[in-house]
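Novice: First the structure, which I've put down as structure tokens, then a few questions once you've had a look.
Rule-based calculations on the coordinates, nothing more; no lab input. Worth saying up front: this structure is predicted, and the values here are computed from it rather than measured. With ideal geometry, Cβ positions are generated from the backbone for all residues, glycine too; neighbour counts draw on all protein chains shown.
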Amino acid sequence: MKKFKLLSLLLIISLFAAVLPQPALALDTPELWAQSAVIMDAVSGEVLFQKNGTRSMEAGAMTVLMTALVVGDAIGRQAISLDDAVTATESFGYNLTDVSARTDPAMAAGETLTVENLLYLMIYRGAEDAANILAEYVGGTADAFIENMNSRAAELGCVNTHFSNAGGTAAADNYTSAGDLALIAQAAFANEDLRPIFEGTTYSTDPTEINAPRTVGNPNALIAEGSGYKYEYATVGLPGNSSAGANIAAEGLYNEMEVITVAMGCPDDASRYSDALTMFKWIFDNFSYRTLLSSTDILTTVPVQMGSPEAVGVRAETPVRIMRPGDQQIGEITYEISYQHEREGKALVAPIEVGAYLGEVTVLMNGVAYGTSRLVAGSAVDISRTEYLRSQMEVMSQTPSVRQIVKILIIVLGIYLLLVCFYLFQRVRHMHSLRKARKERARAQARQEIQWLDVPAGAEELAEPQAAPEEPADQAGPPAGEEPAYAGEAPDEGQYADEGQYADEGQEYADESQYADEGQYADEGQYADEGEYADEGQYADEGQYADEGQEYADDGGEYYDDDSDGYYDDDARRG
């Protein structure tokens, strides 16, 4: 019974273990002949594998890799050119021995070759004489050039390297390590002036006044046809020997993975190529790129002053990737961003073009930096005219002279407004006085009119006809010899004060073209200009003495009452 219980327990444990995630199995490390070896990501500089990678070893012929880089730097900054003619001095062979590698035939003092000729001889042949001639030409002296070699190595991050000559002459103080040599190879292989030399197969120099053209071939068996070590994914490389053994630095490219392999201290030439092939195959079979930062995705946005839109999307100019085994998980990714305008203490201002440089971003995984990329604008930002004008106004408003002018204008405007208010006040008073005077004149005129119209009913039967009283030249009255319009009756609507004035149109005293015809007593611009005596066919201003359809009544206050036959003014005073 106990056996069955134990068996059941074992089965349960086995099933539980089966469903648990299994840790990734460690990769088998490549077996190498080399005493020291390194595999490095050619893009990021990350070391993916090493075997005694920091051990310092005699550099030997691998020294010319640094010599070529310093010459390539001088070409890049246009201090020299590939076509420059260089004449060998008497001192170029100061450190050469009988076993030193030389051009074939050897260089002679006074012989002239181009910089390009000397580079090919140095790299393909490992020629120490060609290296010394280049060192004196580029550095001025061999010592100055060697100093440049060591300072450049320090810039690359080499910590286990020192050079004492340019051509690789055996010396105790001329050494490097596999890790440092990978950094030097990374920079030299990426130089656009040197790259064609490393990729070439054969080369013939120009003839000189002393020797015929020299023909040399690329010694890198990884790219040579029919060498037995040719590798289809190998691109460039440099083999070389030293007192420590056979060495090689080579680059390979497969499935977007670009790596540099370095092997130092191999037993012979065959073993160094074998080690290089082993490392290339191991890395390409087990590793792949993982993207930490894409160059197409917008990483963040940044406000833009006077911009339309008001912000710009920011992306990496180049992706940041790492090579990892296929079963290895990626850690926590963070970014450190540095903007150029913030470093300069400025704001980001429109306009901004697509792809404009904005800063840098460093990608970290688990707190360790794995690469850096430039930050660029992911889209264009135009300048906003409204914001531009506003900003210009703000700038102008801060100028002392402009602020002084604005103060003066405000004072002048205030004075102007006061004058306008004073003018309007005086005009209102004047118009009020004018209206009052017009009313008084109209009332006086009305009283005179009423005096000769006030005749009792039936008086014409009791008394002799009398001549109409003499009217002033500027007063309206009935024509001589005609019967007054009153006729003993109250004035009908449309008579005394109807449109057409004294009487309805076509009737007695005020027939059009008679007493108050337009153009006569109350014509516009005459006796009663607009708003005065009898505006537009009336006796007085609209709403005054003889409003339309009323009698002698101003604004509803009548002068003549139909019921009482009396007269009174606006203030209800009866006559």
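Novice: What is the calculated FRET efficiency for Val420 to Met393, with r their C-beta to C-beta distance and R₀ = 25 Å, to the nearest 0.05?
Specialist: Values: r = 27 Å, r/R0 = 1.10.
In this case the efficiency is close to 0.35.
Novice: Per the Kirkwood formula on distinct C-alpha pairs, the Rh of the stretch 36-292 is how many angstrom? Let's see the in-between values first.
Specialist: Numbers: mean 1/r = 0.0549 Å⁻¹.
Mean inverse Cα-Cα distance, inverted, gives 18.2 Å.
Novice: Next question, about the same structure. Quick one: Debye curve from the C-alpha atoms of the stretch 173-278, no solvent, what's log10 I(q)/I(0) at q = 0.23 Å⁻¹?
Specialist: Relative scattering, expressed as log10 I(q)/I(0), comes to -1.30.
Novice: Taking the simple approach of a point 7 Å from Cα along Cα-to-Cβ for both Ser295 and His432, what is their distance in nm?
Specialist: Distance between label points: 8.5 nm.
Novice: Same structure again: Provide the gained length on full extension for the span Ile80 to Tyr94, in nm with one decimal, where the gain is 0.36 nm per separating residue minus the Cα-Cα distance.
Specialist: Working: separation 14, 0.36 × 14 = 5.04 nm, distance 2.36 nm.
2.7 nm is the gain from fully extending Ile80 to Tyr94.
Novice: Also: Taking N as the number of residues in the stretch 235-305, what is its alpha-carbon radius of gyration divided by 2.2 N^0.38 Å? Intermediate values should be presented prior to the final figure.
Specialist: On the way: Rg = 18.9 Å, N = 71, 2.2 N^0.38 = 11.1 Å.
Expressed relative to 2.2 N^0.38 Å, the Cα Rg reads 1.70.
Novice: With a cap of 11 neighbouring Cβ atoms within 10 Å, and only residues DSSP puts in a loop, list the GluC sites (Glu not before Pro) found in the stretch 131-233. Numbers along the way, then the final one.
Specialist: Numbers: sites: Glu136, Glu147, Glu155, Glu192, Glu199, Glu209, Glu225, Glu232; in loops: Glu192, Glu209, Glu225, Glu232.
Sites meeting the loop and neighbour criteria: Glu192, Glu209, Glu225, Glu232.
Novice: Another question, if that's okay. If you take every residue apart from Ala74 with its C-beta less than 12 Å away from the C-beta of Ala74, what net charge results, scoring Lys and Arg +1 and Asp and Glu -1?
Specialist: Details: positive: Arg77, Arg152; negative: Asp73, Asp84, Asp193.
Result for the local shell: -1.
Novice: At 0.36 nm per residue, and after removing the present C-alpha to C-alpha distance, how many nm does the segment from Arg195 to Gln340 gain when stretched out fully? Spell out each step's value before the answer.
Specialist: On the way: separation 145, 0.36 × 145 = 52.20 nm, distance 3.22 nm.
Extending this stretch completely gives an extra 49.0 nm.
Novice: Modelling each spin label as a point 7 Å along the Cα-to-Cβ direction, I'd like the Ser401/Ala356 distance in nm, to one decimal.
Specialist: In this crude label model, Ser401 to Ala356 measures out at 3.0 nm.
Novice: Starting with the fewest neighbours, write out Cys158, Cys421, Cys266 ranked by other beta-carbon atoms found within 10 Å of each beta-carbon.
Specialist: Working: Cys158 21, Cys421 10, Cys266 26.
Least to most surrounded, the residues fall as Cys421, Cys158, Cys266.
Novice: Which order do Val402, Val115, Val47 fall in if you start with the one that has the fewest other Cβ atoms within 10 Å?
Specialist: On the way: Val402 13, Val115 21, Val47 16.
Placing the least packed residue first, the sequence is Val402, Val47, Val115.
Novice: Here is a follow-up. How large is log10 of I(q)/I(0) for the stretch 294-388 at q = 0.12, 0.17, 0.18 Å⁻¹ when the intensity is taken from the Debye formula with one equal scatterer per alpha-carbon?
Specialist: -0.44, -0.74, -0.81
Novice: So if each residue of separation counts as 0.36 nm, and I subtract the Cα-Cα distance between Thr202 and Asn52, what length gain in nm does that give?
Specialist: Here the answer is 50.6 nm.
Novice: Return the sequence-ordered ³J(HN,Hα) values of the stretch 380-386 in whole Hz as given by the Karplus equation 6.51 cos²θ - 1.76 cosθ + 1.60 applied to θ = phi - 60°, using x for Gly and Pro.
Specialist: 8, 10, 7, 7, 8, 5, 4
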